[in-house]
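None of the figures in this text is laboratory data; all of them are computed from the coordinates on show. As the structure is a computational prediction, the values presented were derived from the model and not from experiment. Reconstructed Cβ throughout: ideal geometry from the backbone, glycine too, with neighbour counts over all protein chains shown.
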Protein chains: 2
Amino acid sequence: MKRSNAQRLRDALEDDIINGRRTPGERLDPDTLCREFGVSRTPVREAVQQLVASGLVTVSPKKGTFVARVGIDELIEMFEVMAELEGMCGRLAARRIGEAELEALRQAHERCEAAARAGDSDDYYYENEAFHDCIYRASHNGFLAGEARQLKQRLKPYRRLQLQVRQRLPSSLAEHREIVAAIEAGEAGRAEQALRDHVLIQGERFSDFVASVRRFGVYREAAPDGAAAR
Amino acid sequence: MKRSNAQRLRDALEDDIINGRRTPGERLDPDTLCREFGVSRTPVREAVQQLVASGLVTVSPKKGTFVARVGIDELIEMFEVMAELEGMCGRLAARRIGEAELEALRQAHERCEAAARAGDSDDYYYENEAFHDCIYRASHNGFLAGEARQLKQRLKPYRRLQLQVRQRLPSSLAEHREIVAAIEAGEAGRAEQALRDHVLIQGERFSDFVASVRRFGVYREAAPDGAAAR
DNA sequence: AGGGTTGTTCTTGTATGAAGTGTTTATCAG
DNA sequence: CTGATAAACACTTCATACAAGAACAACCCT
């Protein structure tokens, strides 16, 4: 299946934003993108609009388009919803998971443990994602899984800041164990609670989080063209 | 604030789809839309793409663009998520609602009762929406409220089919009373449960629902250009 | 007669140019 | 030096022209 230019561009930009190669607040100049990708303005415009629709980019009329800069208050709100979605996935998964999926979940968890033992932070990040994706799939609700993935994408530029909190990794693993146990036992309420806490607990260390975020100038709504953009 | 042509077009099409003037599966011919609205293909294309992003329209490359036709299985999944979002709104609202918002909620409920007494189905539909919107706002989570509204929009073309189930209206009102009571009492768990049930209960009468949906040819994935489109 | 192939005709996707509108900056006057 | 006004610039938006790919149908060959 051949993807259109606009699609490729969208994926590339999305990847850039998610992986921090373009930081929130950075300007996205259409003409520059045209030259970079060797296409005309039309597909660029389309890609940008799709990113606007998914919330990763904002466009201020007559001022330019920028990588979306999410305010701290909205960030909290998004985490709150993310926790709920994860919890719902866990609740459904505990009731609906099949034997093969359960085995896949166990293996994903084991890979997380291995990555943690090896001390490979990047690898753990990846395996952690795979672990959660197992739960999404096990919920047997494709729409829910899609929404959860989309929101997670949108939060990714900020998630990467908080996984490096001291001592987060061991407790994260312990939470994973509790999650697996709850799903294995088929205890829906317990799985929901465990997953919700697993996401929300990161918000508890909020002062740390805010501190690290502020250094990136996330919360400068009042100055859209602030230092980070220039 | 002057809206662009693409925006006006998008709103018009969205309204058409939501209110059933364009049924799921119907073809959206770009050229026809151009003539209808007196604009060129560019803004039409833009509007269509925005609708694709919000899930109301699907475009099959080289085959045409159609009003999104959601399969029954996915419809169930979406209702499941909708119930969860509503429940979450209720839980947060029970904890966070202010006095003024509580009064607005009571009044919205009263207007629902009035519409029901008057037997005005359309009016009830509108007031019911206002009632739920009160709860969204009272959750004090703007992001959550936005997601809930968006999903509700996406479900609207199908919701209209089920509100006419016999005896649904009186029980719907009773559920509203329970919801208001739970929020007034500040009982988060009870409010969450009441709202979740309020949405899910509609799925219980699923055979009725499926029956009415099938007549509209919603579940004809195998025949994309089925009878409904011609 | 049936199946494969080829050609035509839709369809989407891309490019480019032009215009209109808001913002910003520079200059002039007080 | 400060304020206002005007002009220039930059961005978005729309239109039109063009290209390429896929589906469908007709036709030919087997």
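List every residue whose amide H lies under 5 Å from the amide H of residue A:57, counting only residues 5 or more places away in sequence or on a different chain, with H placed 1.01 Å from N in the peptide plane.
A:52, A:68
By the gyration tensor of its Cα atoms, with a ≥ b ≥ c the square roots of the eigenvalues, what is the shape of region A:83-156: rounded for a/c under 1.5, prolate for a/b over b/c, or oblate?
Oblate, because a/c is 1.5 or more while a/b does not exceed b/c.
Nearest beta-carbon of A to the rotation axis carrying it onto B: which residue, how many whole Å?
Closest to the rotation axis on chain A: A:53, 2.
Residue B:98 label points, 7 Å along Cα→Cβ, one per copy: pairwise distances from this copy to the rest in nm, shortest first?
When each copy's label point is compared with this one, the spacings are 5.1 nm.
Loop-only check: which trypsin sites (Lys or Arg not before Pro) in region B:14-54 are DSSP coil with at most 15 other Cβ within 10 angstrom?
Numbers: sites: B:21, B:22, B:27, B:35, B:41, B:45; in loops: B:21, B:22.
Hits after loop and neighbour filter: B:21.
Measuring nothing but label to label, 7 Å from Cα along Cα→Cβ, what are residue B:29's distances to the other copies in nm, shortest first?
4.4
Taking square-rooted eigenvalues a ≥ b ≥ c of the alpha carbon gyration tensor, is region B:72-211 rounded, prolate or oblate, where a/c under 1.5 means rounded and, failing that, a/b exceeding b/c means prolate?
oblate
Taking square-rooted eigenvalues a ≥ b ≥ c of the alpha carbon gyration tensor, is region B:105-146 rounded, prolate or oblate, where a/c under 1.5 means rounded and, failing that, a/b exceeding b/c means prolate? If you can, show how the numbers build up before the last one.
Values: a/c = 6.26, a/b = 2.32, b/c = 2.70.
In terms of gyration-tensor shape, oblate.
Could you work out how much longer the chain between residue A:181 and residue A:16 gets when fully extended? Use 0.36 nm per residue separation minus the Cα distance between them, nm to one decimal.
Stretched fully, the residue A:181-residue A:16 segment lengthens by 55.8 nm.
Taking the Cβ of residue B:191 as the centre, find all other residues whose Cβ is under 15 Å away and add up their charges (Lys, Arg: +1; Asp, Glu: -1).
Here the charged neighbours net out to -2.
Amide H of residue B:28 versus every other amide H placed in the peptide plane: which residues, excluding those fewer than 5 positions away on the same chain, fall under 5 Å?
Correct list: B:65, B:66, B:67.
Shielding of B:51-58 by partners, i.e. mean partner chain Cβ atoms within 10 Å per residue?
Numbers: counts 1, 2, 6, 1, 1, 0, 0, 0.
Across the residues of B:51-58, the mean count of other-chain Cβ atoms within 10 Å is 1.
Taking the Cα centre of region A:5-68 as the origin, how large is its charge dipole in debye, to the nearest 20, when only Lys and Arg (+1) and Asp and Glu (-1) carry charge on their Cβ atoms?
240
What trypsin sites (Lys or Arg not before Pro) in region B:80-172 are in a loop by DSSP, with at most 14 other Cβ atoms within 10 Å of the Cβ?
Passing sites in region B:80-172 are B:166.
How far is residue B:5 from itself in the other copies, in nm, if each label sits 7 Å out from Cα along the Cα-Cβ line, shortest first?
Distances to the matching label points in the other copies: 2.2 nm.
I need the per residue convex hull volume for region B:1-51, using only the alpha carbons, in cubic angstrom as a whole number.
Here the figure is 78 Å³ per residue.
Give me the Å³ per residue figure for the convex hull around the C-alpha atoms of region A:18-112.
175
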